[in-house]
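Here, each number is a calculation from the coordinates, and none is a lab measurement. Since the structure is predicted, the reported quantities are computational estimates derived from the model, not experimental observations. Ideal geometry is used to build each Cβ from the backbone, glycine not excepted, and the neighbour counts take in all protein chains shown.
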Amino acid sequence: MMIGACGTDAFFAGSKPFEMNPGWQAEEVAVFEWQVVDTLARYDFFVDLRHDQQYPFSNIYLYVDFTFPNGRMLRDTLSCQLADKRGNWLGSGFGNMVDHRIGFRRAMGFPLTGDYAISIAHGMRIDPLPGISDVGFRLEPSVDQ
């Protein structure tokens, strides 16, 4: 998934495509894994989301579950606004597709070295969720270090 860069090279970036028909099913979780060796570095966390013009909502709820090297878990629930009050998409794109880069943690460090994982699932009431083509996760070195 190509989404406009923020001017920073990613420490980690990955994406998972979904079948547009029937859509993103609630049990279809996007999982991303990476390794941390530097516990002093700080990162900004982003979810990348791509949908078509027919996506039926102006927002999306996401469940973001972190798994630490020691097996502990942490859940974030994100409420992401995708369109303004007039129905104009807040993301960018061309043609029928709209891309969003949603920041949700800034200047965060990792307390342990080792393997980390993040899983992303949607928390919308409709299942499958139509119009979503990709979801991704991105870590960028923080400029707030």
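Once the gyration tensor of the Cα atoms in the chain is diagonalised, the equivalent ellipsoid follows with semi-axes of 27, 17, 13 Å, ordered largest first.
The HN-Hα couplings worked out from phi for region 68-76 by the Karplus form 6.51 cos²θ - 1.76 cosθ + 1.60 (θ = phi - 60°) are 8, x, 8, x, 5, 10, 9, 10, 10 Hz, whole numbers, x standing for Gly and Pro.
With charges set only on the Cβ (+1 for Lys and Arg, -1 for Asp and Glu), what does the dipole of the chain come to about its Cα centre, in debye to the nearest 20?
Details: 12 positive and 18 negative charges, 87 e Å.
Value, rounded to 20: 420 debye.
Computed from backbone phi, the HN-Hα couplings of region 120-128 come to 10, 10, 8, x, 8, 7, 9, 9, x Hz, rounded to whole numbers (Karplus: 6.51 cos²θ - 1.76 cosθ + 1.60, θ = phi - 60°; Gly and Pro given as x). If you run the Gaussian network model on the chain, springs between alpha carbon atoms under 10 Å, then out of Arg50, Arg86, Arg101 the most flexible one is Arg86.
Amide H contacts of Leu90 (H built 1.01 Å from N, in plane; Pro and chain starts excluded): Ala83, Asp84 sit under 5 Å, all sequence-distant by 5 or more or on other chains. Of the residues Asn21, Asn70, Ser92, the one whose Cα sits farthest toward the positive end of the charge dipole of the chain, with +1 on the Cβ of Lys and Arg and -1 on the Cβ of Asp and Glu, is Ser92.
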